[in-house]
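A quick write-up on the structure given underneath.
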Amino acid sequence: MAEEILNKYKGVHVLKATNQIKIMHTIIRDKTTPRGDFIFYADRLIRLLVEEGLNELPFRDKTVITPTEAEYKGVEFTSRICGVSIVRAGESMESGLRAVCKAVRIGKILIQRNEGTAQAKLFYAKLPEDISSRHVLLLDPMLASGGTSLKAIEVLLQHKVQEDKIVFLNLIAAPEGIKAVKEKHPKVRIVTTGIDSHLNDDKFIVPGIGDFGDRYFGTDQ
């Protein structure tokens, strides 16, 4: 299924499944993993995900002089960035972003599903005033049906963020969610550490991880 998704949609990137990545996935997916271990290994994965997401941003050549008075031909970012977390689970990714990007600005979007209509509804958005001039790293650890993600992207577009400047970072994605996002917003790039099999009848990702926010913030007891 993952291969089919990658072949069908451009701009979807999955981190290479190294043994280290697989070990971390094994730990955080295990329902018996203590919360402390869950947080520790989820944070490790999040930091790797952020680093990979930064590779989606534009660069330009830059030459510097080293302490040996020699030239080093490197690169530098050509665009300012900001993060936007989808509350609540997305907030778990903010520290990973701050650890990698010094003094990065982070906005927040709160979206909840209307129980009567099953539609995603915006409750709150606080974004940097100059967000339209930045590349945006959209943060949410799970991409399930895509309803919440689509609403968050809609909010960003309403604030004049260009679609091709949105990089959506998530730990685990379902094919249904990727399809929903890419078919409506083909220029949005998605970076994830794993594409799972499908959604169950309760719209949970399978094999998945359960409710990430509950497990991370300790509200699953």
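The values are calculated or read from the model by the stated rules, or taken from the named source; none is laboratory data. Just so you know, these numbers come straight off a predicted model, no measurement behind them. Backbone-built Cβ (ideal geometry, glycine too); neighbour counts: all protein chains shown. All accessible areas refer to the heavy atoms of the entire protein, side chains included, with ligands and DNA or RNA removed. Shrake-Rupley method; radii C 1.70, N 1.55, O 1.52, S 1.80 Å.
A few remarks follow.
- Screening LEU171, LEU110, LEU137, LEU150 for residues that are within 25 Å of PHE217 (Cα to Cα) and touching a Cys at 6+ places or on another chain (Cβ under 8 Å) leaves exactly one candidate, LEU137.
- Options ALA42, ALA2: the member that is modelled with pLDDT of 95 or more and of a type in the set (Gly, Ala, Ser): ALA42
- Listed by first and then second residue, the pairs linking a residue in region 34-52 that is in contact (Cβ under 8 Å) with a residue 40 or more places away in the chain and farther than 22 Å from VAL14 by Cβ to a residue that is open to solvent by 50 Å² or more (accessible area, probe 1.4 Å) and among the acidic types (Asp, Glu), with Cβ atoms under 9 Å apart and 6 or more places separating them unless they lie on different chains, are ARG35/ASP220.
- Within region 97-119, residues that are modelled with pLDDT under 85 sit with their Cβ atoms under 6 Å from residues that are assigned to a strand (DSSP E or B) and surrounded by 10 or more Cβ atoms within 10 Å (Cβ to Cβ), at 6+ positions apart or across chains, in these pairs: ARG113/ALA120; ASN114/LYS121.
- Only residues that are crowded, with 17+ Cβ neighbours inside 10 Å, part of a helix (DSSP H, G or I) and either among the aliphatic types (A, V, I, L, M) or in contact with a strand residue (DSSP E or B) (Cβ under 6 Å, 6 or more places away or on another chain) (or both) were counted in region 1-26, giving 4.
- Of the strands (runs of 3 or more DSSP E) lying entirely inside region 134-221, not one is found with 2 or more residues being of a type in the set (Ser, Thr, Tyr) and open to solvent by 10 Å² or more (accessible area, probe 1.4 Å).
- Any hit, region 36-58, residues being basic (Lys, Arg), open to solvent by 80 Å² or more (accessible area, probe 1.4 Å) and in a strand (DSSP E or B): no
- Taking every residue in region 64-91 that is among the aromatic types (Phe, Trp, Tyr) and pairing it with any residue that is part of a strand (DSSP E or B), at least 6 positions away or on another chain, the pairs with Cβ-Cβ distances below 8 Å are TYR72/THR63; TYR72/VAL64; TYR72/ILE65; PHE77/PHE59.
- Selection status of ALA70, surrounded by fewer than 14 Cβ atoms within 10 Å (Cβ to Cβ) and of a type in the set (A, V, I, L, M, F, W, C): yes
- Yes/no for ILE65 being modelled with pLDDT of 95 or more, among the aliphatic types (A, V, I, L, M), more than 21 Å from LEU169 (Cβ to Cβ) and open to solvent by 30 Å² or more (accessible area, probe 1.4 Å): yes
- The set of residues in region 89-99 being touching a helix residue (DSSP H, G or I) at 6+ places or on another chain (Cβ under 8 Å) and surrounded by fewer than 16 Cβ atoms within 10 Å (Cβ to Cβ) consists of SER95, ALA99.
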